[in-house]
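Asks: My questions will all concern the structure given below.
The values are calculated or read from the model by the stated rules, or taken from the named source; none is laboratory data. Predicted model only: the values in this text are computed from it and were never measured. Methodologically, a virtual Cβ is constructed for each residue, glycine included, from the backbone with ideal geometry; neighbour enumeration extends over all protein chains shown.
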C-alpha cells in the first residue's frame with residue numbers, strides 16, 4: 001500500500017569525477033561503464049521543477065512535506081543544480097546533498113543557501129582516502145571545502161564505506177573527520193550479492209517482470225570478503241572507544257543494530273537478524289528515486305526496475321501502476337533477493353539527518 005511519501009531521491013546525474021574501485025556505478029564492474037552518459041540526456045532544471053511540482057501534490061499539507069536527497073554520480077557536476085535546489089527549498093522541504101567533496105570548495109554558496117544536510121564520502125584519514133578513491137590530493141580538496149563551510153548552518157555528515165583497506169582504521173577515520181568539522185560520521189557496510197544470490201535476483205526480475213538484462217554483476221562478489229571475519233574485533237574496539245567518549249560527535253553504523261555480535265551473520269546473508277527492523281523494506285511504500293533521465297524506481301542502488309518515465313507519465317500514475325503494485329507486493333513477501341545486504345532494507349524513518 002502506498003503511504004504518504006517521506007523521502008525522494010533525485011539522481012540529477014550519473015556522471016562522476018572519480019572511479020572508486022568498489023563503486024557499483026563507476027567501479028571495476030560498475031554498470032555506468034557500459035552506458036553512454038551524456039549531459040544532454042539528463043533532465044533539464046525545468047523538467048526537475050515539473051517533477052517536483054508533481055511530487056508536492058502527492059503530499060499536501062504543511063506537516064507532510066517530503067525530504068529530498070540530491071545525489072549522483074557527483075551532483076555538483078550538474079549544471080543548473082542551484083535552480084533545482086532553490087526550487088525545492090522554496091517549497092519548504094529539507095534537502096540532503098550527497099557528494100564526494102572534490103568540488104565542494106567552489107560550490108559552498110549553493111550548499112549554504114539551500115542544503116539542510118551535506119553528506120560527504122570519506123574512506124580513511126588523509127592520503128588513505130586518496131589511495132582508496134584512486135586520485136591523489138582529493139582529501140585536501142575535501143578539507144578546503146569543509147573549511148569554507150565552517151560556521152554555516154549546514155549539518156555535515158561523513159559517510160565512510162567499510163572495505164578491505166580501511167576496516168582497521170575506523171577510529172582514525174572518525175578523528176580525522178572530526179578535525180575537519182563534521183558533525184557526525186556514519187560507517188556503512190558494503191552492499192553485495194554472492195553468485196547464487198545474484199542468479200536468484202536475475203531470475204526474479206526475468207520471471208516476474210520480464211527483465212532480462214540486469215546490473216547485478218556490478219554488485220557481485222565471488223565470495224565473502226576476507227576482512228569481514230576481522231570485523232567483530234574491530235567493531236568491538238570501536239564500541240569501547242565510543243562508550244569512552246573518545247569522539248566529540250555521534251558515531252553510527254549502518255544498518256542500525258549491526259555490531260560485533262551479528263556482523264558475520266550479516267555478511268553471510270542470514271536473513272533479517274537486526275532487532276527492531278521493519279518486517280520488510282519500507283521504500284516501496286514511502287519512497288522513490290528518479291534517475292537522471294526521469295525514470296522512477298523504488299530501489300536506490302539496484303537500478304534494474306524502472307516503473308515508468310516522468311517524460312511520459314505522471315508520478316502518481318507510475319506509483320499506482322500494475323508494475324509498482326506487483327513490486328511492492330513482492331518486497332512485502334520477501335521475494336526480492338537483492339534486499340539481503342541492503343542497508344535501506346532496515347531503514348525505519350526515511351528521513352534526512
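Asks: Is it the case, given these coordinates, that residue 116 is surrounded by fewer than 20 Cβ atoms within 10 Å (Cβ to Cβ), within 19 Å of the chain's Cα centre (by Cα) and modelled with pLDDT of 95 or more?
Replies: Against the criterion (surrounded by fewer than 20 Cβ atoms within 10 Å (Cβ to Cβ), within 19 Å of the chain's Cα centre (by Cα) and modelled with pLDDT of 95 or more), residue 116 qualifies.
Asks: Going by the conditions given, is residue 79 in a loop (DSSP other than H, G, I, E, B) and either over 18 Å from the mean Cα position of the chain (by Cα) or at pLDDT 95 or above (or both)?
Replies: Yes.
Asks: Take residue 223 and tell me if it is touching a residue at least 12 places away in the same chain (Cβ under 8 Å), touching a helix residue (DSSP H, G or I) at 6+ places or on another chain (Cβ under 6 Å) and either closer than 27 Å to residue 353 by Cα or part of a loop (DSSP other than H, G, I, E, B) (or both).
Replies: In short, no.
Asks: Do we find a residue being assigned to a helix (DSSP H, G or I), surrounded by fewer than 18 Cβ atoms within 10 Å (Cβ to Cβ), in contact (Cβ under 8 Å) with a residue 40 or more places away in the chain and at negative phi anywhere in region 90-113?
Replies: The answer is yes, given that some residue of region 90-113 is assigned to a helix (DSSP H, G or I), surrounded by fewer than 18 Cβ atoms within 10 Å (Cβ to Cβ), in contact (Cβ under 8 Å) with a residue 40 or more places away in the chain and at negative phi.
Asks: Take the residues in region 39-61 that are modelled with pLDDT of 95 or more and outside any helix (DSSP H, G or I), then tell me which one is surrounded by the most Cβ atoms within 10 Å (Cβ to Cβ).
Replies: Only one residue fits best here, namely 43.
Asks: Six or more apart or on different chains, Cβ under 7 Å: which pairs go from a residue in region 340-353 that's crowded, with 19+ Cβ neighbours inside 10 Å to one that's in a helix (DSSP H, G or I)? Could you list them?
Replies: Cβ pairs passing all conditions: 340/197; 341/266; 344/283; 345/339.
Asks: Have a look at 203, 150 and point out the one that is out of contact with any strand residue (DSSP E or B) (no Cβ under 9 Å at 6 or more places or on another chain) and closer than 30 Å to residue 307 by Cβ.
Replies: The unique qualifying residue is 203.
Asks: Here is a check on your reading of the model: is residue 302 under 16 Å from the mean Cα position of the chain (by Cα) and part of a loop (DSSP other than H, G, I, E, B)?
Replies: yes
Asks: Looking only at residues in region 301-328 that are under 18 Å from residue 216 (Cα atoms) and touching a residue at least 60 places away in the same chain (Cβ under 8 Å), which one is surrounded by the most Cβ atoms within 10 Å (Cβ to Cβ)?
Replies: 302
Asks: Let me ask something else. Assess whether residue 185 counts as being in contact with a helix residue (DSSP H, G or I) (Cβ under 6 Å, 6 or more places away or on another chain) and farther than 20 Å from residue 342 by Cβ.
Replies: So residue 185 passes the test.
Asks: Can you tell me which condition residue 160 does not meet? The list is (1) modelled with pLDDT of 95 or more; (2) more than 30 Å from residue 236 (Cα to Cα); (3) within 20 Å of the chain's Cα centre (by Cα), and all the others hold.
Replies: Condition (2) is where residue 160 drops out.
Asks: Do we have any residue at all in region 24-38 that's outside any loop (DSSP other than H, G, I, E, B), at pLDDT 95 or above and buried (at least 18 other Cβ atoms within 10 Å of the Cβ)?
Replies: Checked against the condition, which is being outside any loop (DSSP other than H, G, I, E, B), at pLDDT 95 or above and buried (at least 18 other Cβ atoms within 10 Å of the Cβ), region 24-38 yields no hits at all.
Asks: What pairs can you find where one residue is in region 272-300 and at positive phi and at pLDDT 95 or above, the other is surrounded by fewer than 18 Cβ atoms within 10 Å (Cβ to Cβ) and not in a strand (DSSP E or B), and their Cβ atoms are less than 6 Å apart, with a gap of 6+ or different chains?
Replies: So the pair list comes out as 294/311.
Asks: Here's a follow-up. Residues that are free of Cβ contacts under 8 Å to residues at least 40 places away in the same chain, on the phi < 0 side of the Ramachandran plot and either assigned to a loop (DSSP other than H, G, I, E, B) or more than 19 Å from the chain's Cα centre (by Cα) (or both): does region 184-197 have at least one?
Replies: Scanning region 184-197, I find at least one residue that is free of Cβ contacts under 8 Å to residues at least 40 places away in the same chain, on the phi < 0 side of the Ramachandran plot and either assigned to a loop (DSSP other than H, G, I, E, B) or more than 19 Å from the chain's Cα centre (by Cα) (or both), so the answer is yes.
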